[in-house]
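Have a look at the structure below before the remarks.
The values are calculated or read from the model by the stated rules, or taken from the named source; none is laboratory data. Note that the structure is a prediction, hence the values are computed from the model and not measured. When we count neighbours, we look across all protein chains shown, and the Cβ atoms used for this are built from the backbone with ideal geometry, even at glycine. Ligands, DNA and RNA are excluded from the accessible area calculation, which covers all protein heavy atoms including side chains. Shrake-Rupley method; radii C 1.70, N 1.55, O 1.52, S 1.80 Å.
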Amino acid sequence: MLSCVKSRVNKMNDYSVLSFQEVKEEIARYCHFSLGRELLSALQPSDRYLWIQRESACVQEAMELTIRYGRLSLPALYNIHASLEDARRDKALRPIELNRIAAQGRAVHVVQAYRKASEVETPCLNDLCHSLQDITSLVKEIERCINAHDEILDQASAKLAGLRRSIRMCEADISKEVQRFMAANSSKLMDTISTTRSGRVCVLIKDSEKNSVQGFVHGVSASGQAAYVEPAGLLALNNKLASLNDQLQEEMERILWELSQRVKEHYFALEANQESFALLDSYFARAQYAQERDGCIAEIKEHGTRIYLKEARHPLIDPKRAVANTYEMNAPYRTLLITGSNTGGKTVTLKTIGLAACLAQSALPILAQEAQLPLFSHIFADIGDEQSIQESLSTFSAHVSKLAYIMDHASAHALILLDELGSGTDPKEGESLAIAILEELHEARSFVLATTHYSALKTYAKQQNDVLIATVEFDVEAMKPTYRYLAGISGSSNAFAIARRYHMKERVLTRAEQIKRSQQTKQDQLMDRLEMELAHQQVQHQQMEQAQAEIETLRESLLKQQAHYDKVKEKELAQLKAQYEERMDAILHAGEAIVAELKALDREVKPHVVEALAYQLHHVNDDVAEEVPQHSAKPLHIGDCVALAGLHAHGEIIELNKDKAVVLVNGVRMNTKQKDLTLIAPMDKVKKSKERGYGVQRTTTHFSMELNVIGMQVQEALPIIDKYLDNAILAKLTTVRIIHGNGTGALRKGVHQFLKRHPKVVEFRLGGQGEGGTGATVVALKQRGKSYGKYGKY
């Protein structure tokens, strides 16, 4: 069993010092089912490798499904364990309990439908989904007998329907008898309403007249002025109604008992399904948490020695303030000694790594881009000030008590977290004790992560081959910590810089620096200078690596774009060639038809007819819509030049009459509708503009159908995407593809949020097979006058 020690008497599985329970509660908020929340809350780090592998695989598969299809949305489910136990003991369940059981049965079909709609391979979740047992027959029987308002329906049994019908008829007879009695005894009535006493219908009779009426007195009113009398005419009817109600209650209980017996027959299936739903709910809660917080599932190595957390963040720190750091320790290192200033993030580093180990071995997501950890047999933590008045323990005594327990139980596969090792006592003695403790843990071959301010401990670490020294960065110019983790160098506590930040007198600080220099050897001073230089070089090296990674990503993106452009170019050239050939064939056929018509003309045909046909032949390849600006939105007037729809002809309007028009075309009057006319510029102006070189020409430009933003930050990518979409709309594209990659999912999430708000985006989806998968998004764009189906035309 894993353990995290707070004191000798603390329970072995207490992880509160690492905020493990708080993180579980954060994840549990994503659950839809109470049993899912209970399951998550009960999770504890395990050292069972196969269990961790199986659970982690299920969560990973749930993450893939959530990213592509959205989360599995289960209907409202309830814990039906108590109801199932009652049914097993032959008790009759209530309608609300039976409806909750039916809801679980319907949830089976929801899960199966979700899985069938998925194209992602999820073998682990498939096993769990296939274990869900179909109870459709039970669900249908419950739905036949009970409605959504927990009421038993008449169709539950013929006897029930007959009894309810008889009750309605009996109530009608009672109402008639009451009306007859009131009409006959109106002077004796206190009020003209009937009431019910002990389940029997009565009337209000004046107290002075109660003995003059035959019947049974059920009591008097609070004022004493009226008596509740059941007239003799109602006695038999009330008795009949009471008998019918008793029979009705017995029949309903019989129906509920029979349904409960059907539930009993499915007891084991329902119990197993409930456990499966709890697991599914917890898996998808973890997946949704990881998706929204950019987390991942860690890779656990059973006999591993590498601790690797890429861009890790503590889950309880505000995401806007959290600084992501990469932590790595691999063989031959077994000990990590973290130095640096106060408030610089040393303790947060310990908690982040320790918490990541707890989460990983509980199959819970870690907030990091990538994570790889060994399988730890124990997790011990000595973090924070644990004074105990009850146990008469000072801060130092509390630490020593924990350390003694840790050293007694340290092993080669244990993770040990020690904050401010050796603090709380005389510095010389504390340093000596800290070194001795590290040596003891070195002998046990444990994984040790410790923080310190002691110079002697730093010197010891530099002399050991299996101790990795690191620091948390402090910005001396800004006089504040950056919370960045730097491996391979030791750091200063920066006590003087922090004191200056809090406005301590400069005279005191200057004197303190003089005393420090006087106590330092020349070698110590050189070491301090060297460490500062190393820290500076480390920062530059990290910046250079980041820039190199961005360049490499950009190079790969450009190569992919070039390959894609070549394919698109070949495709478009083939399309243009086919369109050109089709156009030429159409022109040829039209020309041949006009020539044939010219040849067939009679010699005495009028000249203007020949001229019109010759004009059509001459302009057979004209495209009026491209040569001449159209002004269809403007009203037509006499004298306007227009083009006739369906004809290669131009003319002048000479008459307008409502929606009709007369157009003069080459001396011929043509009657047409105004809607078939297109306003154009006068032909003499068109000819002049062509002579001057100002004619409208068809131009063909190449516009990319995809945009690659891999490697960009969200704030860098969005303006580029916005401009690209504007240009795509101008280019009359209806479908484009945005390549953002997978990574942590932050860029994909930012792009999707932007697309949801873009006024020109109809809809979008993740790429399918051959379209880039989850690393790309296909976007359908609005184009004026065009309407496309789902996601445009691909």
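Here are the numbers:
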quantity	calculated
Exposure rank, largest accessible area first [Trp51, Trp257; 1.4 Å]	Trp257, Trp51
Convex hull volume per residue in cubic angstrom - Cα atoms of segment 126-187	83
Residue-normalised accessible area of segment 256-369, expressed per residue, 1.4 Å probe, Å²	35
Segment 398-443-segment 100-169 distance, computed between alpha-carbon centres (Å)	60
Accessible-area composition of segment 170-302, carbon plus sulfur, in percent [1.4 Å probe]	48
Residue-count net charge about Leu35 - beta-carbon cut-off 12 Å; Lys, Arg +1, Asp, Glu -1	-3
For segment 5-119, the spread of Cα positions along each principal axis, largest first, Å	52, 43, 26
Out-of-range pairs (alpha-carbon distance over 29 Å; input Lys577/Lys749; Lys569/Lys756; Lys634/Lys723; Lys24/Lys402; Lys569/Lys634)	Lys577/Lys749; Lys569/Lys756; Lys634/Lys723; Lys569/Lys634
Gyration tensor verdict on segment 255-306 (Cα atoms; rounded if a/c is under 1.5, prolate if a/b is larger than b/c, oblate otherwise)	oblate
All Cα pairs of segment 52-104, percent lying beyond 12 Å	72
Calculated Rg and Dmax of segment 175-294 using C-alpha coordinates, Å	28.4, 86
Selected from Ala324, Ser341, Leu375, residue furthest toward positive end of dipole (segment 318-382; charges at beta carbon)	Ser341
Lys264 - accessible surface, heavy atoms, 1.4 Å probe, Å² rounded to 10	80
Loop sites in segment 214-307: GluC sites (Glu not before Pro), DSSP, at most 14 other Cβ within 10 Å	Glu302
Exceeding the 18 Å Cα-Cα cut-off - candidates Lys732/Lys782; Lys346/Lys516; Lys351/Lys428	Lys346/Lys516; Lys351/Lys428
Under 14 Å, Cβ to Cβ, from Val348 - net charge with Lys/Arg +1 and Asp/Glu -1	+1
Relative packing of 210-216, 352-358, which averages over residues the other C-beta atoms within 10 Å, highest first	352-358, 210-216
Rg and Dmax of segment 81-221, Cα atoms only, in Å	27.1, 87
Burial ranking of peptide ranges 194-204, 313-323 (average Cβ count within 10 Å, highest at the top)	194-204, 313-323
Cα gyration tensor, segment 223-266 - rounded (a/c under 1.5), prolate or oblate	oblate
